[in-house]
Amino acid sequence: MEEVKEVKLYGTWASTYCAMVEIALKIKGVPYEYVEEDLQNKSEVLLSLNPVHKKVPVLVVDGKPIAESLVILEYIEEKWKKGPPLFPEDDPYKRAMVRFWADFFYQKMVPCSYAIMRTAGEEQEKATEEFIEHLNTVENGIKKDFPKSEGPFINGDSPGLLDLIIGSSASGYRVLAAIAGKELLEEERMPVLYTCVSSFAKLPVAEDVLPPYEKLLPRVLAWREKALAAAQS
Ligand SMILES: N[C@@H](CCC(=O)N[C@@H](CS)C(=O)NCC(=O)O)C(=O)O
């Protein structure tokens, strides 16, 4: 394989998607340069690297850009095979289940979390109940599909793709809970997810990257104010 000369990650500090990618690079031991983007004033470079979605994260490897966090994570796994594996290596069925639950996170949980952040009253209560239901679905699904997981992570004793995806929202679940006024990720009711998220957040590679709750909360509250005002106008 050709040797990689330059890896650049365009991101923004409050983004779960960017955190997943940055932590994956750290897990794999890939040296990279991080470029912080201001999403209110996107750089021309970002717009040229991701002209389709105009979003972060974008990973640029020797000048070639890759967008969309899940696509990037799979690329990282394939490109840097020598680092710790992000997918179960022994079983195509397990790899399919990793992809299934990753897709569930993106298709079901993310839209629901946005609904909690930008609504109030009954609408927000409904979104909150739906989010808790999704967490329970993932908890039960993970127990069924990865029953012999040893260690705190869904992937075993080291974090894999699902741990990255679910664990990178560690502060995000707390922020959502604060906004919804209701506990979401409860240790007693969801021990597998709770252990995955709390163990992930304590990893040195994650601690360096994940936004602290105290910094994330005001950012999300400001975004929420704007979204609520826009909905009323
Ligand atoms: N599906 C994309 C979502 C990325 C995304 O939503 N990024 C946000 C930051 S969290 C963004 O760049 N927003 C800018 C915009 O919407 O204009 C992924 O998985 O990478």
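The values are calculated or read from the model by the stated rules, or taken from the named source; none is laboratory data. All figures in this text were calculated on a predicted structure; none of them were measured in a lab. We place every Cβ from the backbone using ideal geometry, glycine too, and count neighbours over all the protein chains shown.
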Would you mention how many residues in segment 176-223 are farther than 29 Å from Lys144 by Cβ and either assigned to a loop (DSSP other than H, G, I, E, B) or not acidic (Asp, Glu) (or both)? 18
Confirm whether Asn155 is of a type outside the set (Gly, Ala, Ser), surrounded by fewer than 21 Cβ atoms within 10 Å (Cβ to Cβ) and either under 26 Å from Pro84 (Cα atoms) or not assigned by TED's automatic domain parsing to the domain that holds Leu70 (or both). no
Within segment 128-155, residues without any contact (Cβ under 8 Å) to a residue 24 or more places away in the chain and either in a helix (DSSP H, G or I) or within 20 Å of the chain's Cα centre (by Cα) (or both) come out as Glu129, Glu130, Glu133, Asn140, Lys144
Where the second residue is away from the ligand (no atom under 16 Å from the Cβ) and of a type in the set (Ser, Thr, Tyr) and the first is more than 16 Å from Pro57 (Cβ to Cβ) and lies in segment 68-97, which pairs have Cβ atoms under 6 Å and are six or more apart or on separate chains? Pro84/Ser158
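Consider Lys82 carefully, then state whether it is basic (Lys, Arg) and at pLDDT 95 or above.
Answer is no for this residue.
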